[in-house]
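J.: Dumping the structure here so I can ask a few things about it.
The values are calculated or read from the model by the stated rules, or taken from the named source; none is laboratory data. Treat the numbers as computed from the prediction; the structure is a model and nothing was measured. All Cβ positions, glycine included, derive from the backbone under ideal geometry; neighbour counts span all protein chains shown.
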Amino acid sequence: MTSKTTKLTRIRERKVSKSGLKRKNIVRRVGTTAPDLALTKPNANERAQKTSAAQ
């Protein structure tokens, strides 16, 4: 029979490995890029250039 300390350690290890598993699986499946990333959408630098040119 294992000691109470060993049991507790194993339980804590499993708890840590399981935490965030749903999110991690989604990241593995679809990646971290936003799904609605429009390629024609201006980035921050382009927006700044447009606003400075308009003034």
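J.: Would you pick out the residues in the stretch 10-55 that are more than 13 Å from the chain's Cα centre (by Cα) and charged (D, E, K, R)?
T.: R10, R12, E13, R14, K15, K18, D36, K41, E46, R47, K50
J.: Pairs please, first residue from the stretch 32-55 and closer than 30 Å to K22 by Cα, second anywhere and modelled with pLDDT under 80 and surrounded by 10 or more Cβ atoms within 10 Å (Cβ to Cβ), Cβ atoms under 9 Å, 6+ apart in sequence or on different chains.
T.: Every condition considered, no pair remains.
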